[in-house]
1. Go through region 137-150 and report how many residues are surrounded by 14 or more Cβ atoms within 10 Å (Cβ to Cβ) and over 20 Å from the mean Cα position of the chain (by Cα).
2. Identify, from the list Leu131, Leu121, Leu137, Leu146, the residue that is of a type in the set (A, V, I, L, M) and out of contact with any Leu (no Cβ under 9 Å at 6 or more places or on another chain).
3. Tell me the residue from Ser26, Ser5, Ser58 that is open to solvent by 50 Å² or more (accessible area, probe 1.4 Å) and of a type in the set (S, T, N, Q), please.
4. Is at least one residue of region 112-132 more than 23 Å from Gly47 (Cα to Cα) and of a type in the set (Val, Ile, Thr)?
5. What single numbered condition from (1) part of a helix (DSSP H, G or I); (2) open to solvent by 20 Å² or more (accessible area, probe 1.4 Å); (3) in contact with a Leu (Cβ under 7 Å, 6 or more places away or on another chain) fails to hold for Thr99?
6. So which of Thr32, Thr38, Thr51 is touching a strand residue (DSSP E or B) at 6+ places or on another chain (Cβ under 9 Å) and surrounded by 18 or more Cβ atoms within 10 Å (Cβ to Cβ)?
7. Just a yes or no: is a residue in region 78-86 farther than 16 Å from Glu122 by Cα, at pLDDT below 90, more than 17 Å from the chain's Cα centre (by Cα) and buried (at least 18 other Cβ atoms within 10 Å of the Cβ)?
8. Can you tell me which residue is farthest from Ile57 (Cα to Cα) among those in region 111-136 that are within 18 Å of the chain's Cα centre (by Cα) and open to solvent by 70 Å² or more (accessible area, probe 1.4 Å)?
Amino acid sequence: MKAASMFFKILNCVAAIVTLTLFFFSFVSVVTPDGAFTLTGFQLAFGSEQTLNGEQISLWKSAWYMFAFILSALSLLFSALSFKIRGAWYASLVTSLATAINLTVLFCAGSVTRFVDTRPLETVTSVSRELFFLPALLVAVGAFVLSVVS
């Protein structure tokens with residue numbers, strides 16, 4: 001039983017690492033009349049600089065993505081601490097659940113533009129999800145399931 005618990009704790013840590021790593025891959029693509037660019041989850045969370053028509057534009061931070069990134073980092077921290085500190089498992093469970101809920105809300109929202117802050121862009125033709133958002137959501141849900149099982 002102890003070996004199975006240790007195995008699931010290791011899998012939980014791996015899932016938390018993968019969730020956090022997926023934030024550095026493309027989450028959203030933005031199309032404007034001046035051009036198109038993709039944004040990673042980290043860029044959505046903490047803002048980014050983009051070049052359109054030779055002009056540097058500083059995009060604003062998106063609080064929902066920042067919250068999801070911070071929760072993913074906390075989930076990884078607490079799942080790693082759960083090997084040494086018994087009570088850290090509960091914190092890992094709560095933060096992985098919060099991460100899964102936050103990413104589910106971001107995914108199930110009717111429009112992607114609802115949580116993507118495209119200011120200061122004046123006109124945006126379209127905003128769409130990219131490939132790595134869904135795997136981040138699925139791995140975050142998997143991390144929660146693994147923390148429950150462990």
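1. The number of residues fulfilling the criteria is 1.
2. Leu131
3. Exactly one of Ser26, Ser5, Ser58 is open to solvent by 50 Å² or more (accessible area, probe 1.4 Å) and of a type in the set (S, T, N, Q), namely Ser58.
4. No: zero hits.
5. Evaluating Thr99 over (1) part of a helix (DSSP H, G or I); (2) open to solvent by 20 Å² or more (accessible area, probe 1.4 Å); (3) in contact with a Leu (Cβ under 7 Å, 6 or more places away or on another chain) leaves (2) as the failure.
6. Thr32
7. Yes: region 78-86 contains one or more residues that are farther than 16 Å from Glu122 by Cα, at pLDDT below 90, more than 17 Å from the chain's Cα centre (by Cα) and buried (at least 18 other Cβ atoms within 10 Å of the Cβ).
8. My answer is Leu134.
The values are calculated or read from the model by the stated rules, or taken from the named source; none is laboratory data. Predicted model, so just to flag it, every value in this text is computed and none were measured. Using ideal geometry, Cβ is built from the backbone for each residue, glycine included, and neighbour counts are taken over all protein chains shown. The protein model used for the area step is the full one, side chains on, heavy atoms only, and it has no ligands, DNA or RNA in it. Shrake-Rupley method; radii C 1.70, N 1.55, O 1.52, S 1.80 Å.
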